[in-house]
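Each value in this text was obtained by applying a stated rule to the coordinates, not by laboratory testing. Note that the structure is a prediction, hence the values are computed from the model and not measured. In this analysis, Cβ positions are derived from the backbone assuming ideal geometry, glycine residues included, and neighbour counts consider all displayed protein chains.
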Amino acid sequence: MTDQSLRALVPDYVKDEQIFEFDHFMDRRFEVDLQKGYSSLHREAPDIFYTPRNGGFWVVTRYDLMEKVLRDTEHFSNRELDIPKSNSPFVMIPLNLDPPDHLPFRMALMRHFDPKTIRAMEPKLREWANRLIDAVIDKGECEFAEGVGAAFPVSVFMELMGLPLERFEEFRVIVLEYFGPTTLERRIELQEHMMKVMWDEFEQRKTDPRDDLMTKLVNEKVKGRPLTDEELQSIGFLLFIAGLDTVANTLGFTFRQLALHPTLQDRLVADPECAQNFVEEALRRCSIVQQTRVVKKDFELAGAHFHVGDMVSCPLMLGGMDDRKNDNPDVIDIDRANRSHLAFSTGPHVCIGNFLARMEMRIMVQEWTRRIPRFWIKPGTQAHWRAGGVAALSDLYLQWDKPQA
Ligand code: HEM
């Protein structure tokens, strides 16, 4: 596009030097390495810029500035998070709520994701990780993104919620379709189907309580009263959205990096305890969420004039890849002395499931490298990914020597 035609698509209050063409879903910069491609914005674009694409929105590219936006609930709202705006009437609790409504719901959910509760799930998670590895190990190769990366968090989610594990395959298929490239109509259909399934399960817990998160939520109180049926459904659906795709894609990008770096594999095999640091480094290098906000009160930040109704995107990968924050940000360095990332966002909405997600990643990395100590990207194949609100890795073909019989 010419400068003139770009200008015509941009509001008057955006300065000429703040206009920069960038696509939220598919930008040429993403082709070779998604996160590295993103980080070229640090060299090419202003710290905060406005792109006319996808309905027009601001992009904040530096860690310190993102932190300011994400923590500021006076000027920025979570009510609308879609780019382009969807104006959806559906409210995901607590994600779409602002203060003062947000906190009571967040508290009700957070107490079930504390480290002690999550740690108790560790043996089950190891069992599931091994079950998935069992299914592929003798083949000497697999498509990891769908077969392992996406399947693992589905099983964890079902364990956590107390959903019937014999329905694993049915849920896995729904999840793959929901997060895959499908039509809006079909996604709405699948959303309705999932909400109905959750609804039936919540209803059962009311008369047949069990030791699971669904029962705990049914018995939860907010502002001194039980959650309404709509609130329960909304929370259940958010957990489904928030905990599956994110873990699956972070695992996919992480295992791609591992497959490309045999020395990292050696480190993890020799010292499984360093998986903890590796996961933190992978979260920094392979962040996947472009966290958004809608402006609710005019505000100026670093020369950018945000107006009410503007969409603002904080690509969280640019936090971890910010060279003002982390030296040599492209390099995966388990021993990094200071590490800063925003993979789980920051501020009042910081991810509730971060402890669980970290544990899922650590367990899969430990079990995989214990049983498949050397693996690589299958020759002749190429991984594929796409950007958007949550960056997705759609396929990743891995190969290794078959175990001796
Ligand atoms: C690697 C995996 C994950 C990533 C990268 C991730 C990322 C995020 C991010 C960036 C937010 C912040 C939204 C904001 O600032 O507005 C968030 C919120 C949230 N996440 Fe996660 N998440 C992951 C896994 C999970 C899991 C496993 C669960 C639970 C099963 C979960 C549940 C939630 C919930 C409930 C919120 C809303 C918190 C609030 O609004 O107060 N997430 N997540």
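One table, with the values for the structure above:
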| quantity | calculated |
| --- | --- |
| Taking N as its residue count, the alpha carbon Rg of region 194-250 over 2.2 N^0.38 Å | 1.20 |
| Förster radius 56 Å - calculated FRET efficiency between H384 and K221 (Cβ-Cβ, nearest 0.05) | 0.80 |
| Approximate spin-label separation D271-L103, in nm, with each point projected 7 Å along Cα-to-Cβ | 4.2 |
| Region 23-33 - phi-based ³J(HN,Hα) in whole Hz, Karplus 6.51/-1.76/1.60, Gly and Pro as x | 10, 5, 9, 8, 10, 4, 5, 7, 4, 8, 8 |
| Region 69-125: radius of gyration over Cα atoms, expressed as a fraction of 2.2 N^0.38 Å | 1.48 |
| Rg/Rh (Cα only; Kirkwood hydrodynamic radius) as it applies to the chain | 0.96 |
| Cβ-placed point charges (K, R +1; D, E -1), dipole of the chain about Cα centre in debye, nearest 20 | 640 |
| Among Q35, H261, S86 - extreme Cα towards positive end, dipole of the chain, charges at beta-carbon | H261 |
| Residue exposure sequence - F144, F157 - by fewest surrounding Cβ within 10 Å | F157, F144 |
| Furthest towards positive pole of dipole, G319, G252, L109, structure part the chain, Cβ charges | L109 |
| The chain - percent relative contact order, Cα under 8 Å, separation 6 or more | 25 |
| Difference of contour (0.36 nm per residue) and Cα-Cα distance, Q204 to E166 | 12.0 nm |
